[in-house]
Amino acid sequence: MLAAPINPGDINMVQGKYVVQPPLPAVGGNEGVGQVEEVGSKVTTLKLGDWVLPSDSGFGTWRTRAVCPEAALLRVPSELPLLSAATIGMNPASAYRMLHDFTMLSPGDTVIQNGANSAVGQAVIQIAASLGLVSINIIRDRPELSKLVAKLKAMGGDFVFSEVELRRPDVREVLKKLCKPRLALNCVGGKSATELLRNLERHGTMVTYGGMSMQPVIIPTSALIFNDIKIVGFSVTRWKRHHSHDGSAYKRMLTELCSLARSGKLTAPACAEVPFRDFRAALEAAAKPFASEKQVLVM
Ligand SMILES: NC(=O)c1ccc[n+]([C@@H]2O[C@H](COP(=O)([O-])OP(=O)(O)OC[C@H]3O[C@@H](n4cnc5c(N)ncnc54)[C@H](OP(=O)(O)O)[C@@H]3O)[C@@H](O)[C@H]2O)c1
């Protein structure tokens, strides 16, 4: 292994609360990039020196070495920046799927999301921009809010508001002038998800993929009855397993994501590179709020 991030889902897996659980004893970490050091005589798709990602969740990427079947790995271009390669397989993949699989979106259409500064959120901003979509991005209030707003706008976010700003009359006026979002992506749950629903177009879809506030998703009855809003969930792990019989869908998506990354249209989230031996400090830092930085273990 070369590098592997610490994602909230990895912590959930350690807590026994993830969508899939590996048999114990297990190595933590679901995402990361490795380099092939040796291949068996029947291996045809990989060679020495190739950079590879796990093809499924539960690989156990927080380690220095692994021996695994060829099918457990997918090749990525070794010209990618290390941090992009280490963080492309889960969060950008989720952003890509949610922007493509739930509703037909055309250039000029609007999407709204909360948790917009999360790694998934940053990928949503960049992929949406590359598709010509308008993004409305909601983040939590914090000290030095304007710095984060500027950063997300520089990344391609068209509108960035804090949760408090979203309820302000002047911001409502700004939003009224836009096409209403057809798709909402919910990373947070609780009241934040309810606010997304208030802004969604009639017949729109809200996809829940995270529950960072640890609060249930609250859905006003009128959203369902009057506005015919569809409420669905997404798991990239389920998606990968569902498509595992035929690796081509994942390969196609990865090719597109890598090409966006190589052209500079999809950058890695802000990362703190931590030597693997300091994993305890990295785990502690990953649990802190308002970090806006992904901890990446560098092997
Ligand atoms: N379903 C799937 O397929 C899938 C795939 C990938 C990720 N996920 C989920 O998506 C979420 C984000 O993952 P990530 O790796 O992108 O995260 P990340 O980069 O570590 O960022 C965490 C995000 O959560 C926010 N947050 C933390 N505590 C919060 C709280 N109490 N209330 C509201 N927001 C809070 C942070 O905002 P602040 O800066 O304000 O703290 C930040 O935006 C996680 O729940 C993860 O499990 C799901």
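Tabulated results
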{"item": "Cβ-Cβ under 7 Å pairs, at least 6 apart or on other chains, region 1-26 side open to solvent by 50 Å² or more (accessible area, probe 1.4 Å) and within 12 Å of the ligand (Cβ to nearest atom), far side among the hydroxyl-bearing types (Ser, Thr, Tyr) and in a loop (DSSP other than H, G, I, E, B)", "result": "Asn12/Tyr18; Val19/Ser235"}
{"item": "Answer residue from region 287-299, given it is at pLDDT below 95 and hydrophobic (A, V, I, L, M, F, W, C) and is farthest from the ligand (Cβ to nearest atom) among those", "result": "Ala287"}
{"item": "Residue in region 265-277 that is among the β-branched types (Val, Ile, Thr) and assigned to a loop (DSSP other than H, G, I, E, B) present", "result": "yes"}
{"item": "Any hit, region 257-273, residues being in contact with a Ser or Thr (Cβ under 6 Å, 6 or more places away or on another chain), hydroxyl-bearing (Ser, Thr, Tyr) and either under 19 Å from Val14 (Cα atoms) or free of Cβ contacts under 8 Å to residues at least 40 places away in the same chain (or both)", "result": "no"}
{"item": "Residue within region 217-232 that is among the hydroxyl-bearing types (Ser, Thr, Tyr) and in contact (Cβ under 8 Å) with a residue 12 or more places away in the chain present", "result": "no"}
{"item": "Within region 83-122, tally of residues that are assigned by TED's automatic domain parsing to the domain that holds Lys294 and in a strand (DSSP E or B)", "result": "0"}
{"item": "Which listed residue, of Arg252, Arg277, Arg202, Arg241, is within 12 Å of the ligand (Cβ to nearest atom) and out of contact with any Leu (no Cβ under 9 Å at 6 or more places or on another chain)", "result": "Arg241"}
{"item": "Residue under evaluation Asn91, criteria (1) more than 16 Å from the ligand (Cβ to nearest atom); (2) touching an Asp or Glu at 6+ places or on another chain (Cβ under 9 Å), criterion not met", "result": "(1)"}
{"item": "Members of region 205-215 that are away from the ligand (no atom under 13 Å from the Cβ) and of a type outside the set (A, V, I, L, M, F, W, C)", "result": "Thr205"}
{"item": "Strands (runs of 3 or more DSSP E) within region 123-234 that include 2 or more residues over 18 Å from the mean Cα position of the chain (by Cα) and surrounded by 13 or more Cβ atoms within 10 Å (Cβ to Cβ)", "result": "159-162, 215-217, 230-233"}
{"item": "Region 44-57 - residue that is closer than 16 Å to Ser94 by Cβ and part of a loop (DSSP other than H, G, I, E, B) and, of those, least open to solvent (accessible area, probe 1.4 Å)", "result": "Ser57"}
{"item": "Matching option when the condition is within 17 Å of Asn91 (Cα to Cα) and within 16 Å of the ligand (Cβ to nearest atom), among Ala150, Ala193, Ala129, Ala184", "result": "Ala184"}
{"item": "Output for region 275-289, where each listed residue is open to solvent by less than 80 Å² (accessible area, probe 1.4 Å) and free of Cβ contacts under 8 Å to residues at least 24 places away in the same chain", "result": "Pro275, Asp278, Ala281, Ala285"}
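The values are calculated or read from the model by the stated rules, or taken from the named source; none is laboratory data. For clarity, every value in this text was computed on a predicted model and none was experimentally measured. Every residue, glycine as well, gets a Cβ built from its backbone with ideal geometry; the counts of neighbours run over all protein chains shown. Each accessible area value is taken on the protein alone, full model and side chains, heavy atoms only, with ligands, DNA and RNA left out. Shrake-Rupley method; radii C 1.70, N 1.55, O 1.52, S 1.80 Å.
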